[in-house]
1. Which residue pairs have Cβ atoms under 8 Å apart, sit 6 or more places apart or on different chains, and have a first residue in the range 118-146 that is free of Cβ contacts under 8 Å to residues at least 40 places away in the same chain and within 30 Å of Leu180 (Cβ to Cβ) and a second that is of a type in the set (Val, Ile, Thr) and surrounded by 14 or more Cβ atoms within 10 Å (Cβ to Cβ)?
2. Residue by residue through the range 130-143, note down the ones that are assigned to a loop (DSSP other than H, G, I, E, B), farther than 29 Å from Val95 by Cα and not acidic (Asp, Glu).
3. Please enumerate the residues belonging to the range 108-129 that are more than 14 Å from Thr94 (Cα to Cα) and assigned to a loop (DSSP other than H, G, I, E, B).
4. Let me confirm something: among Ser123, Ser170, Ser163, which residue is crowded, with 20+ Cβ neighbours inside 10 Å and either within 23 Å of Arg234 (Cα to Cα) or of a type in the set (S, T, N, Q) (or both)?
5. Can you find, within the range 65-84, the residue that is surrounded by the fewest Cβ atoms within 10 Å (Cβ to Cβ) among those that are part of a loop (DSSP other than H, G, I, E, B) and more than 12 Å from the chain's Cα centre (by Cα)?
6. Look at Ile174 and say whether it is under 19 Å from the mean Cα position of the chain (by Cα) and not in a helix (DSSP H, G or I).
7. In the range 151-179, which residues are within 19 Å of Asp79 (Cα to Cα), touching a strand residue (DSSP E or B) at 6+ places or on another chain (Cβ under 9 Å) and hydrophobic (A, V, I, L, M, F, W, C)?
8. Count, please, the residues in the range 7-34 that happen to be within 22 Å of Pro83 (Cβ to Cβ), of a type in the set (Ser, Thr, Tyr) and assigned to a loop (DSSP other than H, G, I, E, B).
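Each value in this text was obtained by applying a stated rule to the coordinates, not by laboratory testing. In this text, all values refer to a predicted model and were calculated from it rather than measured experimentally. Cβ placement follows ideal geometry from the backbone for every residue including glycine, while neighbour counts extend to all protein chains displayed.
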Amino acid sequence: MKKHRYIYRSKVEYADWAFTPYLGCGHGCRYCYCRRMFKVEYKKWLQAKPRKIDFQLLKSELIKAKPEITRLYISFSCDPYQPIENHYKYTRKTVQILNELNIPYCILTKSDLILRDMDVFDSKLALLGLTITTLDEETKRYWEPFSPSMDRRLNALKQLHESGFKTWVSIEPILDYTYLDVIRAVADHVDLIVIGKLNYYKPLKPINWKIVYKQVVKLCNELGVNYIIKKELRIYSE
């Protein structure tokens with residue numbers, strides 16, 4: 001079977017198909033697994049570029065794959081609302097195509113730039129997410145040096161939820177012991193929380209992942225929050 005040029009199948013628990021609008025990412029997260037996977041030097045990765053996308057071909061691929069797509073994820077390999085989206089608007093264009101084709105989509109970003117596209121998101125199709133890894137700004141500045149503040153992300157999440165959109169939060173990777181405070185801060189503004197551990201790198205201070213797992217499950221159940229725990233953290237369940 002011939003592979004598509006722009007969309008691809010995903011093995012992640014909560015997404016079966018995915019699309020990546022940009023190469024590299026201006027947010028410069030130190031823990032980024034994509035930069036490791038593609039073996040790109042840090043400074044070069046920061047110099048993000050748009051992919052060469054023929055949007056008519058992208059639309060054709062989506063039409064062909066539509067019967068198999070439960071929800072298209074944007075994006076695993078970059079932030080769809082990183083700074084260059086301000087100029088190129090590739091994410092916005094893709095959302096408009098997905099709306100036209102009536103294909104559900106899931107977005108994850110660290111940027112409140114997502115609010116710009118509230119006029120094009122379809123509340124029946126969109127699941128809109130913010131990554132919130134810590135409530136400590138010093139920790140954030142070390143691990144995610146060029147991304148928007150956590151306060152801006154929390155405010156964006158609230159605005160999206162209050163505007164009637166389905167929302168979610170990714171607490172992945174957990175970076176410090178503020179993860180329970182993150183859950184409490186977002187619980188009233190999300191339809192889903194996805195939680196995962198820090199991989200490939202050591203946290204700034206030691207984290208007991210067995211304790212993390214138990215506390216996360218307990219709190220989410222107490223708050224009645226829908227949640228998914230990524231497999232790398234689930235292994236600490238016993």
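1. Lys140/Thr133; Lys140/Thr134
2. Just the residues of the range 130-143 that are assigned to a loop (DSSP other than H, G, I, E, B), to begin with: 132-136.
Checking the rest, the ones that are also farther than 29 Å from Val95 by Cα come to 135-136.
Scanning the range 130-143 gives a single hit, Leu135.
3. Lys110, Ser111, Ser123, Lys124 - these are the residues of the range 108-129 that are more than 14 Å from Thr94 (Cα to Cα) and assigned to a loop (DSSP other than H, G, I, E, B).
4. Within the list Ser123, Ser170, Ser163, the selection yields Ser170.
5. We begin by selecting, within the range 65-84, every residue part of a loop (DSSP other than H, G, I, E, B); these are 69-71, 75-84.
Filter once more, so that each one left must be more than 12 Å from the chain's Cα centre (by Cα): 69-71, 83-84.
Numbers: Ile69: 19, Thr70: 11, Arg71: 18, Pro83: 16, Ile84: 20.
Residue satisfying both the conditions and the ranking: Thr70.
6. yes
7. Answer for the range 151-179, where residues must be within 19 Å of Asp79 (Cα to Cα), touching a strand residue (DSSP E or B) at 6+ places or on another chain (Cβ under 9 Å) and hydrophobic (A, V, I, L, M, F, W, C): Leu154, Ala156, Leu157, Leu160, Trp168, Val169, Ile171, Ile174.
8. Pass one, the range 7-34, residues within 22 Å of Pro83 (Cβ to Cβ): 18-34.
This time we only want the ones that are of a type in the set (Ser, Thr, Tyr), so: 20, 22, 31, 33.
Going one step further and asking which of them are assigned to a loop (DSSP other than H, G, I, E, B), we end up with 20, 31.
Adding up the residues that qualify gives 2.
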